[in-house]
1. Rounded to a whole number, what % of the accessible area of chain A do carbon and sulfur atoms account for, probe 1.4 Å?
2. Would you please calculate the Kirkwood hydrodynamic radius of the stretch A:77-119 over all C-alpha pairs and express it in Å, rounded to one decimal?
3. Place the label 7 angstrom along Cα→C-beta at B:ILE283 and in each other copy, then list the distances from the first to the rest in nm, shortest first.
4. I'd like the projected area of the protein assembly as shown, averaged over all directions, using the convex hull of its alpha carbons. Report it in nm² with one decimal.
5. B:LEU293 to A:SER24: FRET efficiency via 1/(1 + (r/R0)^6), r the Cβ-Cβ distance, R0 60 Å, to the nearest 0.05?
6. Please sort by residue number the trypsin sites (Lys or Arg not before Pro) in the stretch A:72-172 whose DSSP state is loop and whose Cβ has at most 10 other Cβ atoms within 10 Å.
7. Please list the non-local residues whose amide H lies under 5 Å from the amide H of B:ILE142, H modeled 1.01 Å from N, same-chain partners needing a gap of 5 or more.
8. Distances over 14 Å make up what percent of all Cα-Cα pairs in the stretch A:338-388?
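The values are calculated or read from the model by the stated rules, or taken from the named source; none is laboratory data. Just so we're clear, the structure is a prediction, and the values are computed from it rather than from any experiment. Glycine also receives a Cβ, built like all others from the backbone with ideal geometry; neighbour counts cover every protein chain displayed. These accessible areas exclude ligands, DNA and RNA; they are computed on the full protein's heavy atoms, side chains included. Shrake-Rupley method; radii C 1.70, N 1.55, O 1.52, S 1.80 Å.
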2 protein chains.
Amino acid sequence: MQRGTFQLMKTVNKKIILNKIRTSEPISRAQIAKETGLTPPTVSSIVKELVDEGLVKESKLGESSGGRKPTMLHINSDAFYVIGVDAGPEMVECVLTDLTGEIYQRTSSSLKGQLSNERFLSLLKENIYAILQLSKIELEKIIGIGIAMHGVVDVESGRSLIAPNLNLRDIPIKDELSKEFDLTIKVENDARAMALGESWFGGHGDVDSMVAVNIGHGVGAGVVINGKLYHGSHDMAGELGHMTIDLHGDVCMCGNRGCLQTFVNGDAIVKRMKEQYNDVEEITAKEIYERALQGEAACVQILGETGNIIGIGLTNLIHLINPSKIVLGGGVMKSEKFLMPTILETIQDRALTSKSKETAVMVTKLGDDATLLGAVSLLLVELFDPVS
Amino acid sequence: MQRGTFQLMKTVNKKIILNKIRTSEPISRAQIAKETGLTPPTVSSIVKELVDEGLVKESKLGESSGGRKPTMLHINSDAFYVIGVDAGPEMVECVLTDLTGEIYQRTSSSLKGQLSNERFLSLLKENIYAILQLSKIELEKIIGIGIAMHGVVDVESGRSLIAPNLNLRDIPIKDELSKEFDLTIKVENDARAMALGESWFGGHGDVDSMVAVNIGHGVGAGVVINGKLYHGSHDMAGELGHMTIDLHGDVCMCGNRGCLQTFVNGDAIVKRMKEQYNDVEEITAKEIYERALQGEAACVQILGETGNIIGIGLTNLIHLINPSKIVLGGGVMKSEKFLMPTILETIQDRALTSKSKETAVMVTKLGDDATLLGAVSLLLVELFDPVS
DNA sequence: TAACTTAATTAATGATTTGAAAGTTATTTA
DNA sequence: TAAATAACTTTCAAATCATTAATTAAGTTA
């Protein structure tokens, strides 16, 4: 229970100013005062603190509007650095970025072959050590390490409970890394990290609620409300992939029937292709996309159908979570060109009210590094802690 | 953007103390200080204000634990009153309650027959006037009027956009009542109001997130997060009834196929009964329940199947919103005895992780007045404004 | 060039509110 | 009855922002 103290007062104002600078840089002190309602002396004194701490810096003067030129303020992007890790099914990738998400160093290791928890953890550590050595940045300037881990993650304890594609369970990531590095460690599910990264780096402005959906081998999603990840009470919110949309559908790897991902992940697309055109030889989802690009009607049609079903899943999402924006990413969305028309059409068709039909649905603009940037954003959100 | 001011500090602490008293009454000043971390002088001075405002009152002394006896504090339940209105498909009900939800007056009017917006609004006004006259309570002691309206509601403007069962559209409830009464007016969808009422009066303690689901003519739900209604960005969050769970299901009144409510509302139960046992004469859902009570196997089986499908819907809810508690109510849930076993079984079966299988699922303990109390809670939440 | 504007800092004063320490009151216990 | 204990209150110090005003800076405009 956060009491009302002087400290609260101060930190609230400090965060308001810091976030104003972050979202509106370059901006002058006078402008901050005008927009936040704080008085110029208050703004001046807090900005001074921020400058002393190194988080904010002054730059060139701005344009005069009839008087003295304002001194413009910026986030001092290289004041601190963050380490982000994407621990996917096939490899570990690790980056070091500044506060704007600019990547300075990058390492990676393959996860192919048989792995133990210990081996996995030491691969993580080795990559982080390598990044630290390469960058030669003092530990004090690093805010922490964010880890986007595929599978089921317990956020509070920082454990990976189930990592299906590595065939591992119960990996105490946070505990082990804390022993090794004196830094804040955040562990999060990869789709959720990606969602946060999307809301942080995706240029979506001030959106009250957003869901980012990753469609690839599986279907995962993250829910961001007021700039913060919404976990639900068991870190399961947004588990879109195993939403039942067809009582009599195929059996999913989870044991249930008719999960969304049995219709729309890569394998499902291939399967549907083979079923409908039973003269089809071996083919991959990527090849279906490529053939669609070349105008092959069957492939175009299969992708269009896939878009329809994604649209049905998203409509369920709109009716339950009702975000103002949905961002789509992942391997399957590379076929955006053939998927989006039917996705949007289906939502128009099925959403109940005119306002909900207007939900913004779009493809991510962050490319392959979306998850890595998500891992990074886990720590940036802490630092900037948006006030709503 | 809420700045950090002395006022903020004060109101935060005041709300902490007020809510501590509300949830833990009777409680002494010393105990409040201990549990909130505020210092005794701070507690004393704020309690004094609350007593002066009439919201809190002192009662008998408590038991000594080796020193001066503590003075116990209570919410002064008759300091203020609230008017709650349930505008359902068939009638308008109106109550006046005190701060604990105790009902003091009650009126109602039938909505049968052809109605215009004007007639509907004057019925509302007449009921409210009647309540005011009966109770003889001064307007100053009434916090406001909460209205639980079936159908689609725009909360911000306080308009009923679509009232399907009355065949009305676009009723400016808040505007019209504001002209008539100098009171705060809150308009909310009935299922959502019910959800808030459930979390407020249902004795669930401090639950971080809760969904209340109403299964009757339709299926509606409300999402309560940290004691506050979560609306989503278009007042649609929790629109469970039109979640697609079967791509090839029957056509719903909304035009889509396979909506949850085409499987589990009253009509659906009757329809399934007729389909499976095609020698069945006219029957109502209520009769199916009664026959099940008398041991008729067919009816027991139909209700069991219904429970299964409700369970599938709730599992989708668990995976998307992931609340820590789900409370079920509405006419169909009167068959609780035959529904709950399969509901719980299905969730056990289908929920993905062991923690999510543990989601508490239960039937509401508030009876027929759940929606009315929900309407009342719309204003109580404002007054007590839970701090999280 | 003089007069006016706008930006930013500094300083003084005041208001609000919590916090810490000490004091008062009521009760139990030895 | 005195000492101890707990509940509550009073007093004063500290934190912090708002307000006001003065100062400096660096323009623009007449």
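1. Working: 8150 of 16850 Å².
Accessible surface attributable to carbon and sulfur in chain A totals 48 percent.
2. For the stretch A:77-119, inverting the mean 1/r across all distinct Cα pairs yields 11.6 Å.
3. 4.8
4. 41.3
5. Working: r = 65 Å, r/R0 = 1.09.
FRET efficiency, B:LEU293 to A:SER24: 0.40.
6. A:LYS112, A:LYS136
7. Here the answer is B:TYR81, since their amide H atoms fall under 5 Å of that of B:ILE142.
8. Across the stretch A:338-388, Cα pairs with separations above 14 Å total 68 percent.
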